[in-house]
1. Can you pull the Kirkwood radius for segment 36-233, inverse mean 1/r over Cα pairs, to one decimal in Å?
2. At R0 = 22 Å, how high is the FRET efficiency between Arg152 and Asp231 if r is their beta carbon distance? Nearest 0.05 is fine.
3. What does the accessible area of Lys103 come to, in Å² to the nearest 10, when a probe of 1.4 Å is used?
4. For a label point 7 Å from the Cα of Lys48 along Cα→C-beta, name the residues of segment 127-152 whose backbone N is under 20 Å from it.
5. Over segment 183-244, give the accessible area per residue in Å² for a 1.4 Å probe, as an integer.
6. Taking only Cα atoms of segment 156-207, what ratio of Rg to Rh do you get with Rh as the Kirkwood inverse-distance radius?
7. Would you pull out the residues with amide H under 5 Å of Cys75's amide H, same chain only if 5 or more places away, H placed 1.01 Å from N?
8. Which value in nm describes the separation of the simple spin-label points at Ser238 and Asp189, placed 7 Å from the Cα toward the beta carbon?
Amino acid sequence: MRKTKVAFAFVFYLLIHLMVLAQPAAADGTAAPMTDATALLLLKDSFKDAADALSSWSSSTPPCGPPSNWFGVICLHGIVTGLRLANLGLSGTINVDALSHFKGLRSVSLNNNNISGPLTPGLASLRTMRSLFLSHNRFDGEIPDVVFGSMRRLKKLWLDHNQFSGPIPTSIFNATKLTELRLDDNAFDGLIPSLNLSSLKSFNASNNRLTGPIPTSLARFDASSFAGNPDLCGPPLSSTPCPTPSPPPTMVELPKEQSSFGKTLAILVGIAVAVAAVIAIVTLLRGRRREDKFDTLSMVASAEAMESAAAPAPPQAELLDRVIASQPSTGDMVRLLRVGAACVDPDPEQRPEMADVAVLIGEIAEAAVAVAVDQ
């Protein structure tokens, strides 16, 4: 009886110990590691209308068997290496966290479904990917450049017939062994990245919104690979190269000496124009004054003629002499023109200093004003 009690206590202790070891997450508060089955079931839950097509995906059996693999799951030595889920009528989105669990995943085929949503940066963890087929779905949005940055072993990438937009990710061309690239029937825009992949055997970027010249490394493909992009140019679409945009007009910078002379000349011309205007106004005023004086003297002369018809000399002649003598001299204008001519002398050494020119123009202006005041 005593031995039975001891044995029972030992078994009870062993069971408690095993339960503690089997549930480390409950003890330290961390989540248990995700298994392949858990990850696939999470992926299944992110799809809609997948109950019938993926009915074999059940926790009652392991994904890689026995007795057999789950439908569409490719395994190698018990490791999930591929998913073939094309033409199953799947909709919904992709659980990227679940998909990125499979570090040995080499191929994923989701062609001809109705799956939507963007491709998120989490896909970058699929470093061993060789083939990714996403054609004929409803994926949309811009593709982050980091998505394909780590897929250096990628050989086949099909993104055609979706709703992707924005620029073509340049990280695609990190895959130096890429043989097939299908980008057609999307809304990609901007330039086609320049690449030099001798391994590329199939390429299609038709029916997008791409612009600019086609890279010379891709000109070896047929023109149909670029059709439906009105703003693409160059071979193989046409033998005529893309038009070169006209460079913006450049300002010709004059030598420092010429530039300084130009500024000085502009200032002097402005002063000369002002002085000429002053002389013109003064001449006009003097002309009006002479006309008034002539009229007044004519009236006086007429009155004197009536008083004495025998006057020896007509006052009009004396008045005419006075008017002629009072005509403004052209000396000021001649001096002004000489100053201007000196300023544009071809020999810089013969040009007067700006200060001297200003003094000369000032003297001419003062003389013109003084004459007007005297008259």
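The values are calculated or read from the model by the stated rules, or taken from the named source; none is laboratory data. Note that the structure is predicted; figures quoted are calculated from it, not measured. No Cβ is skipped: glycine too gets one built from the backbone with ideal geometry, and neighbour counts run over all protein chains shown. These accessible areas exclude ligands, DNA and RNA; they are computed on the full protein's heavy atoms, side chains included. Shrake-Rupley method; radii C 1.70, N 1.55, O 1.52, S 1.80 Å.
1. By the Kirkwood definition, the hydrodynamic radius is 17.5 Å.
2. About 0.10, to the nearest 0.05.
3. For Lys103, the solvent-accessible surface is approximately 130 Å².
4. Correct set: 135-141.
5. Accessible area per residue, segment 183-244: 51 Å².
6. Rounded to two decimals, Rg over Rh is 0.93.
7. Here Thr81 satisfy the definition.
8. 2.3
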